[in-house]
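One structure is given here, and the rest of the page talks about it.
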Amino acid sequence: MEKDKNIILIGMPGAGKSTVGVLLAKAMGRYFLDTDVFIQAVQGRSLRELIETEGLAGFCEIERQYAGCVDIKNAVIATGGSVVYYESAMRHLKSGGVVVYLEIALEELERRLTDMAGRGVVIEPGQTIEGLYEKRRPLYEKYADVTIHTAGLTHEQTVGEILKNLQERL
């Protein structure tokens, strides 16, 4: 894989993008960028606070703008779970790298996502985790260059699967 190409991780909140991203960046000797942390650092507020003060639409616009202005090479980028809602941001990210979808089973997702509000998940009032999953899954599949099925894998094994799949793309 070309050194200047990024690896962009997409998937549901709780799929392991941030944790796997750090491990993958270390394994590949690359920079690591978490777009959620980037937004929080620049805005000076947590995702939860941004959603509360700006509303879902306002937060989504902030997320779209930040994802669309990422200008880094040779990095592993962990995106917010809702970045796939913004075609312009996804086109921008894809233009600089390979998009890897960390697919997680709904049952595992429900076990991991116990504090949706605290995590700052973009979810409509009254929407269930299952409803969110069904809404986003086709978008993750649309943008993915590589899909990693994470069921039964540790974070380290997930990194191994990503590396194997990236080597096969050379």
Say the dipole of the chain comes from +1 at the beta carbon of Lys and Arg and -1 at that of Asp and Glu; which of LEU93, LEU109, THR35 then lies farthest toward its positive end? LEU93
Starting from the Cα-Cα distance between ALA105 and GLN127, subtract it from 0.36 nm times their residue separation and give me the gain in nm to one decimal. 6.1 nm
Which listed pairs, of LYS5/LYS164; LYS26/LYS135; LYS94/LYS164; LYS3/LYS142; LYS26/LYS142; LYS3/LYS135, have C-alpha distances above 23 Å, in listed order: LYS26/LYS135; LYS3/LYS142; LYS26/LYS142; LYS3/LYS135
Based on the Kirkwood radius over alpha-carbon pairs, what value in µm²/s does the Stokes-Einstein equation return for the translational diffusion coefficient of the stretch 1-143 at 10 °C and 1.306 mPa s? 104
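Given an 8 Å cut-off on Cα distances and at least 6 residues of separation, report the relative contact order of the chain as a percent.
The normalised contact order for the chain reaches 36 percent.
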So what's the gap between the Cα centers of the stretch 1-58 and the stretch 60-134, to the nearest angstrom? 9
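Could you please report the charge total around LEU109, scoring K, R as +1 and D, E as -1 over all other residues with beta-carbon less than 11 angstrom from its beta-carbon? Working shown, then result.
On the way: positive: ARG111, ARG112, ARG136, ARG137; negative: GLU103, GLU107, GLU108, GLU110, GLU130.
So the surrounding residues net to -1.
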For THR19 and LEU153 in the same chain, what is the full-extension length gain: residue separation times 0.36 nm, less their Cα-Cα distance, in nm? 46.9 nm
In deg cm²/dmol and to the nearest 500, what is the mean residue ellipticity at 222 nm of the chain if only DSSP H runs of at least 4 residues count, each as -39500 (n - 2.57), divided by the residue total? -16500 deg cm²/dmol
Applying the Karplus parametrisation 6.51 cos²θ - 1.76 cosθ + 1.60 with θ = phi - 60° to the phi angles of the stretch 49-61, what ³J(HN,Hα) value in whole Hz is obtained for each residue in order, glycine and proline being reported as x? 5, 4, 5, 5, 8, 9, x, 4, 5, x, 4, 4, 5
Work out from phi, with θ = phi - 60° and the Karplus expression 6.51 cos²θ - 1.76 cosθ + 1.60, the ³J(HN,Hα) of each residue of the stretch 97-114, listed in order in whole Hz, and give x for Gly and Pro. x, 10, 9, 10, 8, 8, 7, 10, 5, 4, 4, 5, 4, 5, 5, 7, 8, 9
Please compute the modelled spin-label separation between ARG137 and GLN65, points set 7 Å along Cα→Cβ, answer in nm with one decimal. 3.4
Per residue of the stretch 143-159, in order, report the coupling 6.51 cos²θ - 1.76 cosθ + 1.60 (Karplus, θ = phi - 60°) as ³J(HN,Hα) in whole Hz, putting x for Gly and Pro. 8, 6, 8, 9, 10, 10, 7, 8, 4, x, 9, 6, 4, 5, 5, 4, 4
Given a 10 angstrom Cα cut-off, can you work out which residue in GLY126, GLY152, GLY16 is the most mobile in a GNM of the chain? GLY126
Simple spin-label model, 7 Å along Cα-to-Cβ: LYS3 to SER46 in nm? 4.0
7 Å from Cα along Cα→Cβ at both ALA27 and LEU56: what's the point-to-point distance in nm? 3.5
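Since every read-out is calculated from the coordinates, none of them should be taken as a lab result. Just so we're clear, the structure is a prediction, and the values are computed from it rather than from any experiment. Heads up, the Cβs are rebuilt from the backbone with ideal geometry, glycines too, and the neighbour counts pull from every protein chain shown.
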